[in-house]
Amino acid sequence: MSSTEFKVDRRDIQFVVNEVFEAEKLCEFPNFSDFDMDTFHLIIEEAAHFAEKVIVPLNAVGDSEGCVLKEGQVVTPKGFKEAWQQMGENGWIGLNVPPEFGGQGVPELVSTAATDALVSSNQAFLIIRFLTSGAVNLIKTFGSQEQKATYCEKMATGKWAGTMCLTEPNAGTAVGDIITTATKEGDHYLIKGTKMFISSGDHDFTDNIIHMVLARLPDAPPGPKGISLFIVPKIRHDGTPNDVTVVNLEHKMGIHGSPTCLLSFGDNKQCHGELLQAENQGMSQMFQMMNESRLQIGLQGLAASAAAYEFALSYANERVQGIAIQHGKDQNAARSLIVEHPDVKRMLMSIKATTEGLRGLMYACGYFTDMCTHGPEDTREHYQNLLDLSIPIAKAFGTDEGFQAACLGIQVLGGVGYTRDFPLEQNARDAKIGSIYEGANGVQALDLVGRKFNMKNGALLQSLQQELKYFEQITIPKEIQGMLDEWNSYQDLLFESIQNLRELTKSGGPQGYVLYATNMLALMGDVLCAFYLLKQALVAQNKFEALEAEAASRESLLEESTDARFYWNKVRTAEHYILVLLPRALSNARIIKNGSFASLQAKLELTI
Amino acid sequence: MNIIVLIKQVVDVELNIRVKDGALVEDGLNYVISSWDEIAIETALQIVESVGDGEVTLVTIGPDQAAEALRKGLAMGAHKAIHVSDAGFDGSDSFAYAKAFAKILGDRDCDLIIAGKQAQDTDAGLTAGMLAEFMDLPQATNVTKLGQIAADKLTLHRGGDNGSEVIELSLPAVLTVNDSLYEARLASLRGIMQAKKKPLETLDLAGSGVDAATVGIAGRQTVIDQLVEPEARQAGQKFEGDEEETTKQVLDLLVNEAKIFA
């Protein structure tokens with residue numbers, strides 16, 4: 001493997017799915033009775049195979065060629081259209097969509113893992129899949145029988161693609177301020193307005209593009225409660241073009257392979273839309289779909305981290321530079337691979353720990369989705385609570401930490417990492433969007449502390465407290481006990497900090513309460529990633545001990561067995577997260593406790 | 001058109017393969033379908049799809065884990081599979097495998113037997129040819145292109161020593177395929193789901209009807225005397241200077257060292 005050629009980390013993905021979350025147990029639920037362990041294994045293997053064979057080769061060309069607007073139509077980079085069609089034919093677009101809507105109904109845990117394998121190879125290419133599956137899920141949940149029959153299967157199989165049209169020039173994060181209008185005319189609505197930053201707003205992948213458009217009826221109440229959701233196909237059912245125009249194509253920092261469009265609906269007052277379910281339900285419909293779409297963007301962050309780790313480690317194992325510090329100033333000593341330098345090793349370990357901690361967090365969200373939908377009735381609410389609480393963290397912490405890991409990857413390579421000769425700089429540029437779109441990360445933090453903490457009288461936090469007691473009922477190997485004790489102190493810190501945050505309401509009102517929401521989210525993200533890594537370390541340690549019992553010595557075992565090294569490294573990775581990365585949670589806790597309102601009191605202005 | 005495809009599960013050659021004490025180091029290896037055998041599966045599927053009738057049956061002899069290769073082939077679209085697995089086959093060579101396949105396939109009704117032109121691990125390319133001989137079937141090796149397909153004959157191109165040959169082959173017959181023939185399809189998710197429901201017959205040595213004396217160490221004609229890692233490739237030579245100077249240096253080496261004009 002070279003430092004420019006991406007391969008999916010099948011071993012770690014399979015480990016988390018099958019050995020940690022024990023995906024096979026999901027097959028006990030009637031909806032998943034058609035699956036078994038071998039099938040899950042093969043799904044992940046073949047998703048990785050598809051990624052490496054079809055999507056990886058398009059990553060660089062997508063970035064260098066980008067998308068072009070030609071005569072009002074977006075032309076995508078060479079090979080993208082064919083790859084999309086192949087992805088649809090092979091079932092990777094609608095893999096978690098139920099069979100009755102054209103998908104394969106794969107459990108969310110396994111679907112999340114397969115998506116992890118797919119997205120890490122090409123962040124820009126996968127965005128259209130996220131949007132299409134989001135649109136399918138909206139229509140299958142809220143659409144009429146006719147709408148479901150018209151759209152779902154065609155989209156789940158990639159014949160048509162979807163978009164989410166929320167943002168307008170003056171309504172981005174504050175989506176409640178949109179002014180696009182919908183006026184009833186006969187059996188349809190006339191849509192008029194401008195939508196911006198629409199990912200995959202136009203392209204040449206499919207015969208039709210199904211826009212999910214938020215708009216306001218003439219007599220609708222102001223704000224979010226007056227928003228309705230419409231299905232607006234690019235091509236109408238009778239084959240005539242709908243009145244949707246691509247006004248502009250954005251030139252962006254990254255994800256060049258994903259066309260980001262400014263769309264105008266109804267320039268000629270002929271843009272037909274179909275109402276989804278009922279008027280003024282748009283925001284609540286969108287909210288119900290947000291868990292999935294936000295998890296997918298979190299996966300983009302994980303992808304950036306995973307790619308950074310792989311490229312950086314491969315390079316560090318090839319690049320010779322300097323003399324290892326143990327050789328002192330002996331200029332005759334052999335030059336070392338940079339992986340032997342402690343600072344490089346530390347950086348690599350931090351990227352690895354971030355990747356694997358995030359992987360645990362993301363897959364947990366997939367698992368919670370399965371459990372709250374198909375699990376035993378009496379635990380469904382518990383898992384729903386965990387899912388709702390975890391999603392803003394998965395999205396925001398995943399994309400923030402993913403981006404940081406991507407930057408750290410560049411650092412490992414040094415100067416060449418900053419050049420276009422290596423894929424690290426593209427990886428970082430592509431990853432940056434993750435913290436901005438699908439609800440900026442600041443909004444995720446508001447969602448966490450404003451909505452989720454207070455939802456159902458704090459029941460979500462109670463579910464989390466219960467979940468974090470996981471280790472109390474389990475025999476802990478002594479190698480794990482030390483790091484578990486350390487992590488436990490952060491668990492206490494987390495709940496103390498939630499109390500401290502609530503105290504800020506007393507002194508600073510609602511402004512004070514939300515001021516450090518981002519710190520709260522980061523603190524929780526760290527504690528949760530450490531929790532999922534500890535779970536992984538526990539499995540790994542037990543398996544390592546079993547291997548060691550059969551081995552002549554630990555040294556020979558580590559020398560000879562890839563599995564043993566994998567488990568050994570997993571435990572070290574958890575330790576690194578808990579002792580090296582997690583202490584930044586102390587800083588976040590202190591910030592919340594300090595509760596400074598200096599930033600609110602400052603009269604910020606430029607003094608130029 | 002019913003087609004049997006012989007597949008072999010081999011070590012993924014993209015990984016770092018090591019040899020220690022004259023044996024392959026198994027640790028850390030992944031196993032995949034030999035790439036030419038993937039083309040053989042693709043060829044069989046293309047023929048059945050173009051004829052619009054028939055079934056593709058995969059057959060392998062290999063340890064338990066070889067079932068993974070069969071499942072993947074079923075996910076690609078093959079209709080059924082036979083897994084012959086028994087420690088009695090350990091140590092077999094191409095001759096012994098060909099004998100075994102001849103016995104296993106002898107009573108099965110099929111119009112074509114297809115295999116890769118060689119296996120990715122041994123590169124021997126012998127088994128299918130010997131199988132044709134043992135079964136007294138016509139054969140065409142190194143097939144590069146298919147022509148007309150009829151119920152009783154097949155037109156094809158094969159790569160020969162002196163260029164491409166066009167051959168008409170009566171059926172049933174044995175083919176081995178070159179990787180230029182097709183690109184193997186990727187398994188679809190639907191295919192993966194269906195694979196689980198497709199018949200996978202597992203036979204041990206006794207069940208396969210193969211005489212134990214003809215396979216394994218007892219049945220082999222060749223012995224691997226030594227297994228060594230290939231020598232690491234030497235680093236290339238870099239020529240520096242202007243065009244005239246570097247051209248002269250390269251020519252000098254080609255003439256005097258490589259002696260290519262000698």
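The table that follows gives values for the structure above.
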read-out: Set B:ALA187, B:ALA206, B:ALA124, B:ALA150: member being among the small types (Gly, Ala, Ser), closer than 21 Å to B:SER50 by Cα and more than 14 Å from chain A (Cβ to nearest Cβ); value: B:ALA150
read-out: Which listed residue is crowded, with 21+ Cβ neighbours inside 10 Å and touching a residue at least 60 places away in the same chain (Cβ under 8 Å), from A:GLN300, A:GLN285; value: A:GLN300
read-out: Extreme residue, farthest from A:GLY409 (Cα to Cα), among residues of the stretch A:320-339 that are free of Cβ contacts under 8 Å to residues at least 60 places away in the same chain and not in a loop (DSSP other than H, G, I, E, B); value: A:HIS327
read-out: Filter result (part of a helix (DSSP H, G or I) and at the interface with another protein chain (Cβ under 10 Å from one of its Cβ atoms)) within the stretch A:28-43; value: A:ASP38, A:THR39, A:PHE40, A:HIS41, A:LEU42, A:ILE43
read-out: Spans of helices (runs of 4 or more DSSP H) in the stretch A:554-608 with at least 1 residues at pLDDT 95 or above, more than 30 Å from B:VAL25 (Cα to Cα) and among the acidic types (Asp, Glu); value: A:562-576
read-out: Residue selected from the stretch A:414-435 under the condition assigned to a helix (DSSP H, G or I) and polar (S, T, N, Q), by the criterion farthest from A:ALA308 (Cα to Cα); value: A:SER435
read-out: Checking B:GLY88 against (1) more than 13 Å from chain A (Cβ to nearest Cβ); (2) under 30 Å from A:VAL8 (Cα atoms); (3) not in a loop (DSSP other than H, G, I, E, B), the condition it does not meet; value: (2)
read-out: Cβ-Cβ under 6 Å pairs, at least 6 apart or on other chains, the stretch B:206-229 side in contact (Cβ under 8 Å) with a residue 60 or more places away in the chain, far side surrounded by 11 or more Cβ atoms within 10 Å (Cβ to Cβ) and among the basic types (Lys, Arg); value: B:GLY209/B:LYS103; B:VAL210/B:LYS103; B:THR214/B:LYS99
read-out: Qualifying residues in the stretch A:491-542 (those that are of a type in the set (Ser, Thr, Tyr) and assigned to a helix (DSSP H, G or I)) - the one farthest from A:ARG565 (Cα to Cα); value: A:SER507
read-out: Subset tally (residues that are buried (at least 24 other Cβ atoms within 10 Å of the Cβ) and outside any strand (DSSP E or B)) for the stretch A:254-275; value: 6
read-out: A:LEU547 vs. criteria under 30 Å from A:SER497 (Cβ atoms), in a helix (DSSP H, G or I) and either away from chain B (no Cβ under 14 Å) or touching a Ser or Thr at 6+ places or on another chain (Cβ under 9 Å) (or both); value: no
read-out: The stretch A:44-60 - residue that is surrounded by fewer than 22 Cβ atoms within 10 Å (Cβ to Cβ) and free of Cβ contacts under 8 Å to residues at least 40 places away in the same chain and, of those, farthest from the other protein chains (Cβ to nearest Cβ); value: A:PRO57
read-out: When residues of the stretch A:85-97 are limited to those that are more than 20 Å from A:CYS27 (Cα to Cα) and more than 9 Å from chain B (Cβ to nearest Cβ), the one surrounded by the fewest Cβ atoms within 10 Å (Cβ to Cβ); value: A:GLN85
read-out: Search result, residues across the stretch A:14-27 that are within 14 Å of chain B (Cβ to nearest Cβ) and either buried (at least 23 other Cβ atoms within 10 Å of the Cβ) or more than 20 Å from A:ASP563 (Cα to Cα) (or both); value: A:GLU24, A:CYS27
read-out: Single residue of B:THR122, B:THR141 found to be more than 20 Å from B:TYR182 (Cα to Cα) and surrounded by fewer than 22 Cβ atoms within 10 Å (Cβ to Cβ); value: B:THR122
read-out: Breaking point among (1) without any contact (Cβ under 8 Å) to a residue 12 or more places away in the chain; (2) touching a strand residue (DSSP E or B) at 6+ places or on another chain (Cβ under 6 Å), for B:THR144; value: (1)
read-out: Selection count, the stretch B:147-189, where residues are farther than 17 Å from B:GLU42 by Cα, of a type outside the set (A, V, I, L, M), at pLDDT below 95 and not in a strand (DSSP E or B); value: 3
read-out: Answer from A:GLN404, A:GLN411, A:GLN444 - the residue that is polar (S, T, N, Q), in a helix (DSSP H, G or I) and farther than 21 Å from A:LEU361 by Cα; value: A:GLN411
read-out: Residue, farthest from the chain's Cα centre (by Cα), within the stretch A:98-115, restricted to residues that are crowded, with 24+ Cβ neighbours inside 10 Å and within 11 Å of another protein chain (Cβ to nearest Cβ); value: A:GLY103
read-out: Residue in the stretch B:37-60 that is within 13 Å of chain A (Cβ to nearest Cβ) and not in a loop (DSSP other than H, G, I, E, B) present; value: yes
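Conditions tested, residue by residue: (1) buried (at least 18 other Cβ atoms within 10 Å of the Cβ); (2) closer than 16 Å to A:GLU19 by Cβ; (3) more than 14 Å from chain B (Cβ to nearest Cβ).
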site	(1), (2), (3)
A:GLY482	no, no, yes
A:GLN499	no, no, yes
A:LEU533	yes, yes, yes
A:GLN541	yes, yes, yes
A:ALA551	no, no, no
A:TYR567	yes, yes, no
A:GLU575	yes, no, yes
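Here's the yes/no breakdown for (1) among the hydroxyl-bearing types (Ser, Thr, Tyr); (2) buried (at least 19 other Cβ atoms within 10 Å of the Cβ); (3) touching a residue at least 40 places away in the same chain (Cβ under 8 Å):
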residue	(1), (2), (3)
A:GLY357	no, yes, yes
A:TYR367	yes, yes, yes
A:HIS374	no, no, yes
A:ARG380	no, no, no
A:ASP388	no, yes, yes
A:PHE397	no, yes, yes
A:ILE433	no, yes, yes
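The values are calculated or read from the model by the stated rules, or taken from the named source; none is laboratory data. What you see is a predicted model, and the numbers here were worked out from it, not measured in a lab. So basically every Cβ, Gly included, is an ideal-geometry build from the backbone, and we count neighbours across all protein chains shown.
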